[in-house]
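The values are calculated or read from the model by the stated rules, or taken from the named source; none is laboratory data. Every value quoted in this text rests on a predicted model; they were computed, and no experiment measured them. Note: ideal-geometry Cβ built from the backbone for every residue, glycine included; neighbour counts use all protein chains shown. The protein model used for the area step is the full one, side chains on, heavy atoms only, and it has no ligands, DNA or RNA in it. Shrake-Rupley method; radii C 1.70, N 1.55, O 1.52, S 1.80 Å.
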Amino acid sequence: MTEGRRGRQLTAKWQTFKGLPPALKSLIGLSFVVALGSYMVTPFLGVLMVEAVGLDIRVAGTLVAVATFIQFGGSILGSPVVDRIGLKRTMVLALALRTVGLVLFGLAVTVDWVAYPAVVLVAAGPALYLPANKAYIVTSVSDELRPLFLGVSSAALNAGMGIGPLLAALLIDADPVLLLIGLAGLFALITAAHQAALKPVVRRSAESPAAPGTETATGKRAALRGALRPVLFTALAFYLYFFFQSFMGLYAAGVSNIQVLGWVMLLNCAMVVLLQPPLAHRIGSADYRLLVAGSFGLMTLGMASMALGSIPALLAGTALFTLGEIFLFLRCDLELVHRVPGNPAFAFGVQRLAAGVGGLLAGVVGGFVFAHYKAAGDLGMFWLVVAAQCAAAALLALLLGGRRRPTVTEPAVVETTVVR
């Protein structure tokens with residue numbers, strides 16, 4: 001009985017996907033290719049700047065930090081850009097910027113100063129692209145389908161994030177310039193595909209645009225005040241996530257070998273790809289406070305497991321941490337979209353800004369904490385410190401999370417006003 005019901009649910013979801021507009025299906029597929037190409041270069045920025053361009057490692061480290069902040073924090077600029085030129089044009093512009101940045105990176109091998117504008121352009125691309133990408137999906141489907149298709153989009157992005165570094169690792173040693181120019185050509189094709197495949201989306205009646213001149217910065221600030229809790233928990237989630245992403249490689253190299261990092265990141269991405277879409281509806285309908293607190297609790301258990309240091313402990317800890325990530329990130333997205341109604345690009349820009357602040361703090365705090373325990377010869381304590389912070393976040397969620405269920409569902413998309 002249960003198997004039959006599950007099969008019917010999967011069939012219904014597949015039929016829903018088949019019934020989507022071709023432009024939206026194309027965007028979900030293109031999201032995978034964008035993430036694949038992006039993560040063939042993003043994790044290797046520091047290596048490329050030092051080994052290929054020849055920059056001093058301290059300069060390269062500063063540029064990587066700046067690029068990370070631009071990539072996330074710069075997304076707050078996505079909303080005014082979308083308001084002016086529309087969702088589709090914003091995505092096309094973002095991809096064009098990244099294409100130019102990759103070309104400049106290839107030239108920086110012979111003219112090193114070109115690396116500075118190259119890094120800015122490479123980081124500015126996703127800063128504009130990702131909020132517009134998610135906003136296009138949210139605007140194209142009913143509230144009932146938001147959790148499912150934000151989960152599907154996240155799965156596509158994570159699949160690209162998992163495969164991209166593996167491909168780049170095979171190519172970067174052979175000829176980094178050829179890799180960069182090849183990626184520039186790939187992004188030129190992706191840009192053209194977005195231009196050809198995407199259509200202008202329409203606002204639903206519940207998201208009718210304000211009269212000219214009425215949607216002010218004051219109105220956005222007022223909407224944000226109601227979204228302070230999900231913004232706070234988004235920042236906390238990314239703060240804790242970047243401890244995992246930024247320091248797992250150093251930890252693996254210290255207690256085992258760097259190759260373990262590949263398996264850890266593959267497990268992380270594979271779990272998001274396989275679990276988030278089928279769990280999306282339950283994530284969207286669960287009690288907000290309990291889900292957020294439980295997600296941070298899973299992260300606590302995962303970080304504590306990693307402190308044991310063995311390969312099975314690292315993989316088990318990654319699995320527990322990723323479960324928390326799967327629940328928390330999607331629900332924070334849904335909360336922000338609901339609490340900042342009618343402007344999903346602004347909501348996702350705020351989400352990315354919160355992520356950038358969290359990532360920046362994790363890099364600063366984590367660097368000092370990791371260096372301290374490395375000097376003390378007790379790297380396992382690093383993860384126990386992170387686990388303690390996860391537990392504090394869980395307690396904060398219980399105290400401040402409130403009790404709210406998600407938005408009521410809408411039956412369909414109503415075509416009214418074109419979003420440029």
By average Cβ neighbour count within 10 Å, what is the ranking of 384-396, 63-75 from highest down?
63-75, 384-396
Solvent accessible area, Å² - residue 181, 1.4 Å probe, full protein context
80
Highest mean first, what order results for 314-322, 112-120 on Cβ atoms within 10 Å?
314-322, 112-120
For region 229-382, accessible area per residue (1.4 Å probe, heavy atoms of protein chains only), Å²:
36
Multiplying the sequence separation of residue 111 and residue 51 by 0.36 nm and subtracting their Cα-Cα distance, what value in nm do you get?
20.2 nm
